[in-house]
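These notes are about the structure you will find just below.
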Amino acid sequence: MERDLAWDGCHNVRDLGGLRAAGGRRTRWGAVVRSDTPDRLTGSGWAAAAAHGIRTIVDLRIPGEHHAAPGHRPPGMTVVSLPLDSRDDPGHGRCNGTPFYLRHHLDSLPDRSARVLRAIAQAPPGGVLVHCVAGRDRTGLIALLLLALAGVAPGDILADYERSATRLSALYALLGQPDDALRVQARLAAAGTTTAAVVTELLAGLDVEERLKAGGLTAAELAALRERLTVMDEGGGQDAGVVVAVEDGRGAAG
């Protein structure tokens, strides 16, 4: 199954399922989806989200970033607002759009990430959609933490993070704006590094459990997250993952 999802109105949507995880497991299809803001979803886009099993939406935006009404959002979806950034953070805005944001945020506001992951762990049955505005920085951080906690290989986590730059190019073109990937590349070049180097170094030194416990998550909540995120790999590949996700009630049909 294709991890990139075609939801009309969004440009950076993908399921975190189908990746090999630790302990002979793999990430569960339909458990968590990451995206840019769903404010732009059309009626058919919202219908696709509902058909994918989304029942909980975790909104990472701060007040003032909400520029559209719920629109066509169908009933039965609960929205949980958990701003990830803080305007009181001295580094707010300085690292945005670059992978430097990841370490800065983990070092300065670990409790913000922890409470988002708690909300995912405690969400009722069904898929969880996590989003910010572009689905790149804040959503990318939460996706990185979820995949690291599941024991997904660093190379696969990096590939998921880098995928946003490709997906967002079409959105910038639609909006008539310069592709922000060019600004990010210039910032990285000025620092003598690359996205791959920054993310790989972060993951190499990241004890994700300890970082999340420092933010307030308990061992029980971490275990609940792993159970929600992963399923035993029966060797059937990604297509088989869809069947398992539906049968166990935690994935797309939950």
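The values are calculated or read from the model by the stated rules, or taken from the named source; none is laboratory data. Here the structure is a predicted model, which means the values were calculated and not measured. All Cβ positions, even for glycine, are placed from backbone atoms using ideal geometry, and neighbour counts span all protein chains on display. For the accessible areas, the whole protein counts, side chains as well, though only heavy atoms, and no ligand, DNA or RNA atoms are used. Shrake-Rupley method; radii C 1.70, N 1.55, O 1.52, S 1.80 Å.
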Report yes if D179 is farther than 30 Å from A123 by Cα, in contact with a helix residue (DSSP H, G or I) (Cβ under 7 Å, 6 or more places away or on another chain) and surrounded by 14 or more Cβ atoms within 10 Å (Cβ to Cβ), otherwise no.
-> yes
List, please: which pairs have Cβ atoms under 6 Å, are six or more places apart or on different chains, and start with a residue in region 220-248 that is over 18 Å from V152 (Cβ atoms) and end with one that is at pLDDT 95 or above and assigned to a loop (DSSP other than H, G, I, E, B)?
-> V242/W29
How many residues are open to solvent by less than 20 Å² (accessible area, probe 1.4 Å) and assigned to a helix (DSSP H, G or I) if we restrict to region 7-56?
-> 4
Output the number of residues of region 51-86 satisfying the condition of being modelled with pLDDT under 85 and among the β-branched types (V, I, T).
-> 0
Out of region 185-207, which residues are assigned to a helix (DSSP H, G or I) and among the hydrophobic types (A, V, I, L, M, F, W, C)?
-> A186, L188, A189, A190, A196, A197, V198, V199, L202, L203, A204
Name the residue, out of A148, A165, A134, that is under 21 Å from I57 (Cβ atoms) and not aromatic (F, W, Y).
-> A134
Considering only region 96-142, state which residues are among the hydrophobic types (A, V, I, L, M, F, W, C), outside any loop (DSSP other than H, G, I, E, B) and open to solvent by 10 Å² or more (accessible area, probe 1.4 Å).
-> F100, A119, A121
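Which of the residues spanning region 163-210 are of a type in the set (D, E) and within 26 Å of P110 (Cα to Cα)?
Taking region 163-210 as the starting set, the residues that turn out to be of a type in the set (D, E) are 179-180, 201, 207, 209-210.
E201, D207, E209, E210, listed by residue number.
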Can you name the condition, by its number, that D4 falls short on among (1) more than 13 Å from H52 (Cα to Cα); (2) in contact with a strand residue (DSSP E or B) (Cβ under 6 Å, 6 or more places away or on another chain)?
-> (1)
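Only one residue in V152, V199, V128 is under 21 Å from A6 (Cα atoms) and modelled with pLDDT of 95 or more, so which one is that?
Numbers: V152 fails: under 21 Å from A6 (Cα atoms); V199 fails: under 21 Å from A6 (Cα atoms).
Just a single option satisfies the conditions, and that option is V128.
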Test: P90 is surrounded by fewer than 17 Cβ atoms within 10 Å (Cβ to Cβ), in contact with a Lys or Arg (Cβ under 7 Å, 6 or more places away or on another chain) and either farther than 24 Å from V231 by Cβ or at pLDDT 90 or above (or both) = no
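Quick check on this structure: which one of G192, G254, G215 is at positive phi and either buried (at least 18 other Cβ atoms within 10 Å of the Cβ) or modelled with pLDDT of 95 or more (or both)?
On the way: G254 fails: at positive phi; G215 fails: at positive phi.
Of the residues listed, the single one that is at positive phi and either buried (at least 18 other Cβ atoms within 10 Å of the Cβ) or modelled with pLDDT of 95 or more (or both) is G192.
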